[in-house]
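Taking it in order: structure first as structure tokens, then the write-up.
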Amino acid sequence: MTDATSTGQEPVAIMESPIHVDYRFTAGLAQSRFLKGLSQGRFLGQRCPRCHKVYVPPRGSCPTDGVPTTDEVELSNQGTVTTYCVVNVPFQGQSIEIPYICAQILLDGANLAFMGLIQEIAADQVRMGMRVEAVWVPPEELGPTMASVRHFRPTGEPDADYESFKEYL
Amino acid sequence: MAERCAVIGAGQTKHAAKREDVSIAGLVREAAERALEDAAMDWGDIDAVVIGKAPDMFEGVMMPELYLAPALGAVGKPMVRVHTAGSVGGSTAIVAAHLVTSGVHRRVLTVAFEKQSDSDAMWALSVPQPFSAPLLAGAGGYFAPIIRAYMRRSGAPDHIGIVVAVKDRKQALKNPYAHLHIEDISFEMVRDSIMLWDPIRYLETCPSSDGAAAMVLADEDCAAASPRRPAWVHGMAMRSEPTMFAGRDQVNPQAGRDCAADVYAQAGITDPRSQIDVAEVYVPFSWYEPMWLENLGFAPDGEGWKLTDSGATALDGGDIPWNCSGGVLSSNPIGASGMLRFLEVALQVRGQAGAHQVDGVRRALGHAYGGGSQFFSMWVLGTEKP
Amino acid sequence: MSAAPTGRPVAVVSFAQSPQVRREDHRNEVEMLMPVVEEVFSRIGVTKADMGFVCSGSSDYLVGAPFSFVSALDAVGVWPPMRESHVEMDGAWALYEAWTMLRAGDVDTALVYSFGRSSPGQLAKILALQLDPYYLAPLWPPPTALAALQARAVIDAGRATEEDFAEVAARSRRQALANPHAQLSGDRAPGELMKDDYVVSPLRRHALPPITDGAAAVVLAAGERATELCDRPAWITGIDHRIETHALGARDLTSSPSTTLAARGAGLGERAAVDVAELHAPYAHQELILRDALGLGAEVSVNPSGGALAANALMVAGLIRIGEAAQRIMDGSAARALAHATSGPCLQQNLVCALAAETPSGGR
């Protein structure tokens, strides 16, 4: 630190201190199954043995019962937009052109919605209850990552009734 | 039988986008020194320090309490570091209060801070994780769909969020510590600001701030010896629920309802709207005011927006003013934001809120929440010894 | 300002831990924790519904994700909503927070857990981020280097020799042979250990803790609830913790005044009269410093579990010390025990928990 009054210099206000740390993430047993499913173009969820709810992506436990989810369930490629927002803010690491739709999608047969990208429709045309389907990357590009799902797009079916998904909001 | 506990000192920093004039230690000391001065105490009078902040990645310092111990006069004393996501400022105060109510300590300094400008906060909230696509774009991307669900469920008109954004920024003009002082704030200015995460407009979101808050909590004897009026803890509670589960009501979370019910029962409150004189409630996006009005029992389900629309929550003319300080919408040093809610109600109860003081406050509610609307902490303070 | 027990007496009534391993490569945090939580409950025949409070300890930087404690909650299943809190510290401090809640009389039972994965990231770099961000962290000193500075100070002060460090390591790993959860155990004589290479002089390989992934959980109960749940609860007769200044240059690294203060606060006096002491001494020389600070006599069994030299899952190892000490009271092999946890470089912050089979006097 320099004394601004005695030297006439500005005090040090900012120092750059870059931090770079690499991590090896562990997906976990349940999520590994899910990721392997993605690399085959399938959504694999898990069912809680107590409350029988189906979770996708599975984390290995039922969040309300605190017990391992054991039964594997293959889910549909289609689902319903329960709610959504239009993202219009640029941020670091963003790979999608703004504005885009970030939606909660409830796959048919699942009991919890997950976040997905909606494309192939104008942002102002998206609706709660809209029926959508996953668009997968070409088979040679499939891998154990959410990037295997390129996006979701409207199926063209009539919208789901609000009553049918309101408990998932 | 638990000991009584009171707030006998409170201090906060000037909150700003960048506090380049102070280090992290300087920031927390600024708040702590003001709290001690308010309590007419010195560092040596403090038995223990409880500090809270949100993720360490916001400053790039792991467990910063280790480095901050000498700056907070904690050397040779117990020091605890709390982290409960966005509710942390509130839960930190509660952990500190438990040190008093359990009879372990008599005078506890509690501090919360965030120096968001020290790192890229948006990055810290959206650290690239393998296995998942980066879609969220910060907290707004998480909460916007929930707000949309509230609008659908309640039938609230689009302008309600704007009303809250204008009200809280106007109130912030009366709070010299607030980060945002938008002198010419108006309905049109908020309405015409950019839609960041539709339905959330830019001016309906909280800022990103550097700032700190501190309080001195004391037992009955110390409170009696304190030169200024104590704000007595009439009730305090924490509740958590899982982030995501089938059938979860994210708009009106059960944990928030349960937490409010607990704190009201402790304080003997049966009708919050009539029995609470002022509230500081964690509203980081404007729509959370009507949502929390319902969650906290100030309005029936689906009707919180009507209360907001009627002006009932305004400092100027409302019967249940919310966020007279300008709230999180006007100052958001994340880790401290919850403690600022707890602290602002202490100021109201002690008659120290200056230009944003509500007349005749007898009881006040401080509230914080965090995570995916899943962690709640609340306290009720009063002028009377419980 | 001492922690004399004026509130209700509180006891450890159950303890469980995961295998402590070098790298938990298959299970995520939730999957690591679930069996531990299940075990800590099933040992005393309770469920989460019997818990009045849940408190955990962990660190985001170890996991490499903000809010890492949030998803870990799914291992408990906090539904219906529960009273719950988290410290960004070792689980020993989570236990302290729970203890104040129980003493205040708000609740009768608490689940305390912690998880720590030291393996996923670059641990030496991560721990450097604990240091003063302006003066020290930019130099990226590894934790072994700071520990070596302390060990050198101990030697230079004539307090111990490298052979003494080897004695500590040999005993710890030998005792760990009886601990099924330990990561490192073995029967090597101190003389043989002295042939190890230096990692950072004067610390040889054996004087360093292993890098460990693990989890642990404890159930606390107050008053009569403790005796209902456990035949022989490990009563907490005192618990206190103290922090020292951060500047290493301003500390006498050969002593641990904060440990001594915490022991006084926990009611242990100058010479801790206990049967067993579980000390969180990640580096061999730190056990010697802690023994002095606590006034432990030769008759005290120190680290029968093997201590942190046998497994040192960060954020967990301190809670495990309390669990291991309590276990020896619950199984009848000890009447009085002491547990210690540490945080920060060179024993900067220390917690001492005194445990006894006998109900604390004046348990009002």
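Just a few scattered comments:
- Computed helical MRE - 222 nm, chain B, DSSP H runs ≥ 4 contributing -39500 (n - 2.57), nearest 500: -9500 deg cm²/dmol
- Selection among A:Val86, A:Val73, A:Leu38 by position relative to the dipole of segment A:1-140 gives A:Val73 as farthest towards the positive end (Cβ unit charges, Cα centre).
- Computed label-point distance, nm, for sites B:His159 and A:His20 using a 7 Å Cα→Cβ extension: 5.4 nm
- Shape index of the protein assembly as shown: Rg/Rh, with Rg the Cα radius of gyration and Rh the Kirkwood radius from the inverse mean 1/r over Cα pairs, equals 0.96.
- Cross-link partners of B:Lys170 among lysines (Cα-Cα below 26 Å; sequence separation of 8 or more within a chain): B:Lys14, B:Lys18, B:Lys115, B:Lys306
- Across all C-alpha atoms in chain C, the radius of gyration and Dmax reach 19.2, 58 Å.
- Counting only other chain Cβ atoms within 10 Å of each residue's Cβ, the peptide B:326-339 averages 0.
- Cα long-axis angle, helix C:29-42 against chain C (0 to 90 degrees, to the nearest 10): 50 degrees
- Its Cα gyration tensor gives segment C:16-164 an equivalent ellipsoid. The semi-axes, each the square root of 5 times an eigenvalue, are 34, 19, 16 Å from largest down.
- Only Lys, Arg (+1) and Asp, Glu (-1) charged, at Cβ; the protein assembly as shown dipole about Cα centre in debye: 960 debye
- For the peptides A:103-114, B:370-381, residues were scored by their other Cβ atoms within 10 Å and the scores averaged per peptide; the highest-first order is B:370-381, A:103-114.
- Helical runs (DSSP H, four residues minimum) scored at -39500 (n - 2.57) apiece and divided by the length of chain C put the mean residue ellipticity at 222 nm at -9000 deg cm²/dmol.
- Segment C:281-326 versus segment B:177-227: alpha-carbon centroid distance in Å: 46 Å
- Against chain C, whose longest principal axis is taken from its Cα atoms, helix C:143-156 shows a tilt of about 70°.
- Computed from the Cβ-Cβ distance with R0 of 45 Å, the FRET efficiency linking B:Asp271 to B:Ala17 stands at 0.65.
- Each Lys or Arg adds one and each Asp or Glu takes one away; over the other residues whose Cβ falls under 15 Å from the Cβ of B:Val349, this sums to +2.
- Heavy atoms of A:Cys85: accessible area, 1.4 Å probe, square angstrom to 10: 0 Å²
- Net charge, B:Lys174 excluded, C-beta distance under 13 Å - Lys, Arg +1, Asp, Glu -1: -1
- Rg/Rg_ref, chain B, where Rg_ref = 2.2 N^0.38 Å and atoms are Cα: 0.91
- Calculated from backbone phi, Karplus (6.51, -1.76, 1.60) coupling profile of segment B:360-369 in Hz, x at Gly/Pro: x, 5, 10, 9, 9, 10, x, 9, 9, 9
- Segment A:29-162 - percent of accessible surface contributed by carbon and sulfur, probe 1.4 Å: 48 percent
- Within chain C, DSSP assigns beta bridges of which about 75% are antiparallel (rounded to the nearest 5).
- Here the calculated FRET efficiency for C:Arg43 and A:Arg42, from their Cβ-Cβ distance with R0 = 30 Å, stands at 0.15, rounded to the nearest 0.05.
- Between C:Gly344, C:Gly45, C:Gly186, the residue with the greatest mean-square fluctuation in the GNM of chain C (Cα pairs under 10 Å linked by springs) is C:Gly45.
- For segment B:378-386, 3J(HN,Hα) per residue [Karplus equation, 6.51 cos²θ - 1.76 cosθ + 1.60, θ = phi - 60°, Hz, x = Gly/Pro]: 8, 9, 10, 10, x, 6, 8, 5, x
- Chain pair B, C: total accessible area buried, heavy atoms, 1.4 Å probe, Å²: 4700 Å²
- With only the Cα atoms considered, segment B:215-273 has a convex hull volume of 131 Å³ per residue.
- The C-alpha atoms of chain A define a longest principal axis, and helix A:29-38 lies at about 70 degrees to it.
- Averaged over B:70-81, number of beta-carbon atoms from partner chains that fall within 10 Å: 6
- Its residue count N fixes a reference of 2.2 N^0.38 Å for segment B:233-316, and the Cα radius of gyration divided by that reference is 1.11.
- For B:Gly52, nonlocal amide neighbours, meaning residues 5 or more places apart or on other chains whose placed amide H falls under 5 Å from its own, are B:Val82, B:Val111, B:Ala112, B:Phe113.
- Label sites at B:Asp359 and B:Glu37, each approximated as a point 7 angstrom past Cα along Cα to Cβ, lie 3.0 nm apart.
- Modelled FRET efficiency - R0 41 Å, B:Arg228 with B:Glu183, Cβ distances, 0.05 increments: 0.80
- Packing-based order for A:53-59, C:35-41, A:115-121, B:185-191, using average beta carbon neighbours within 10 Å, highest first: A:53-59, C:35-41, A:115-121, B:185-191
- With 5 Å bins from 0: P(r) over segment A:29-162, alpha-carbon pairs, percent: 2, 11, 19, 20, 19, 16, 9, 3, 0
- Surface exposure of the protein assembly as shown, expressed per residue as accessible area with a 1.4 Å probe, stands at 33 Å².
- Whole-angstrom gap from segment B:270-301 to segment C:85-109, using each part's C-alpha centre: 29 Å
- Close amide H partners of A:Val135, meaning residues 5 or more places away or on another chain with modelled amide H under 5 Å apart, are A:Arg150, A:His151, A:Phe152, A:Arg153.
- Cross-link partners for B:Lys77 among the lysines, with Cα-Cα distance under 22 Å and sequence neighbours closer than 8 places in the same chain left out: B:Lys53.
- Lys, Arg +1 and Asp, Glu -1 on Cβ, resulting dipole of segment A:29-162 about Cα centre, debye, nearest 20: 420 debye
- A straight line joining the Cα centroids of segment C:1-73 and segment B:72-96 runs 20 Å.
- With a 1.4 angstrom probe, the accessible area lost at the C-A interface totals about 2300 Å².
- Rounded to whole numbers, the Karplus 3J(HN,Hα) couplings from phi for segment C:253-270 are 6, 7, 10, 9, x, 5, 5, 4, 4, 5, 5, 4, x, 8, x, 8, x, 6 Hz, using 6.51 cos²θ - 1.76 cosθ + 1.60 with θ = phi - 60°, and x at Gly and Pro.
- For A:Met115, distant residues with modelled amide H under 5 Å away: A:Ile105
- Average projection area in nm² (convex hull over Cα atoms of segment C:186-325, one quarter of hull surface): 10.5 nm²
- Computed [θ] at 222 nm, helices only, for chain A once each DSSP H run of length n ≥ 4 contributes -39500 (n - 2.57): -2500 deg cm²/dmol
- Segments A:62-69, C:249-256 sorted - mean Cβ within 10 Å per residue, highest first: A:62-69, C:249-256
- Selection among B:Cys5, B:Ala213, B:Thr383 by position relative to the dipole of chain B gives B:Cys5 as farthest towards the positive end (Cβ unit charges, Cα centre).
The values are calculated or read from the model by the stated rules, or taken from the named source; none is laboratory data. Predicted model only: the values in this text are computed from it and were never measured. FYI the Cβ positions are ideal-geometry reconstructions off the backbone, even for glycines, and counts take in every protein chain you see. Surface accessibility is based on the protein's heavy atoms, side chains included, excluding ligands, DNA and RNA. Shrake-Rupley method; radii C 1.70, N 1.55, O 1.52, S 1.80 Å.
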